[in-house]
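Enquirer: Please see the structure below; I have some questions.
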Amino acid sequence: MKHGRTPLDPRGTASRRLVTGDAHPLAALRAALPDADLPDEELFLATEVAAWSGLPDTDRRAFAIVVARLLAAQAEGSTRVQLAPDDLALAASVPTVVGAPGARTPFVLDGPWLYQERFFAAEEGLGAALRTRAARPLELDPAAASDALDVTFATTSPTLDEDQRAAVRAALDRRLTVISGGPGTGKTTIAVAIIRSLVRLGVPPTS
């Protein structure tokens with residue numbers, strides 16, 4: 001039998017149902033971040049992290065807001081949040097919690113950017129892998145590539161427009177290509193045309 005996950009709460013399970021509104025222990029933190037739709041467990045995590053810092057009360061509350069802003073940014077799909085000078089100085093004042101890149105601390109400061117360490121490590125690892133791939137030449141024969149493109153363009157349905165053809169040509173010149181655009185702009189059609197061209201040139205789809 002599956003049970004739902006009980007969210008973290010500083011009040012425990014009984015008082016959770018009795019204390020609401022401004023009396024809620026996280027009300028001040030929520031009020032400081034009116035545009036951040038964070039659940040109680042995320043706000044509670046921010047207060048717990050701030051408690052690790054050993055800062056005095058006023059600074060601890062300010063640091064909890066900084067951490068909550070980071071959690072809000074992550075909830076919106078970012079890996080980091082940019083800190084204002086005062087917040088930057090505050091974060092830098094707790095080296096046991098916030099360290100420089102390479103430090104084994106829960107949070108990392110890279111210039112004005114605050115990360116959770118695991119997100120920073122993942123981003124650095126991905127960046128290194130992309131740089132390595134981008135630096136490797138594709139080494140396709142230009143004449144053979146031109147012939148493969150001609151066949152692909154003649155047989156692809158729907159027909160590619162000139163911008164899409166230019167994107168496919170560019171992809172055959174490098175190991176790394178980023179295809180972007182809104183819905184319906186033909187990203188999938190471009191990707192399929194790239195793969196078909198490479199297969200015609202003898203490049204396995206998994207390369």
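Enquirer: What whole-number value in Å² describes the accessible area per residue of the stretch 81-207 for a 1.4 Å probe?
Expert: Heavy-atom SASA per residue in the stretch 81-207 reads 60 Å².
Enquirer: Within the stretch 120-207, list the GluC sites (Glu not before Pro) lying in a DSSP loop whose Cβ has at most 13 other Cβ atoms in a 10 Å radius.
Expert: Sparse-neighbourhood loop GluC sites (Glu not before Pro): 139.
Enquirer: Here's something else I'd like to know. Using just the Cα positions, wrap the stretch 134-185 in a convex hull and report its mean projected area in square nanometres, one decimal place.
Expert: 4.1
Enquirer: Same structure, new question: Counting Lys and Arg as +1 and Asp and Glu as -1, each charge on the Cβ, what is the dipole of the stretch 83-159 about the Cα centre in debye, to the nearest 20?
Expert: For this selection, approximately 260 debye.
Enquirer: In addition: Provide the FRET efficiency to the nearest 0.05 for the residue 161-residue 122 pair, computing r from the beta carbons and using R0 = 41 Å.
Expert: 0.65
Enquirer: On to the next question. Can you give me the % of accessible surface on the chain that is carbon or sulfur? Probe 1.4 Å, all protein chains present, nothing else counted.
Expert: 55
Enquirer: Charges on Cβ only, +1 for Lys and Arg, -1 for Asp and Glu, centred on the Cα centroid of the chain; of 132, 46, 32, which one is farthest towards the dipole's positive end?
Expert: So the residue we want is 132.
The values are calculated or read from the model by the stated rules, or taken from the named source; none is laboratory data. In this text the structure is predicted, and so the values were computed from the model without any measurement. Ideal geometry is used to build each Cβ from the backbone, glycine not excepted, and the neighbour counts take in all protein chains shown. To get the accessible areas, we keep the full protein, side chains included, count just its heavy atoms, and leave off ligands, DNA and RNA. Shrake-Rupley method; radii C 1.70, N 1.55, O 1.52, S 1.80 Å.
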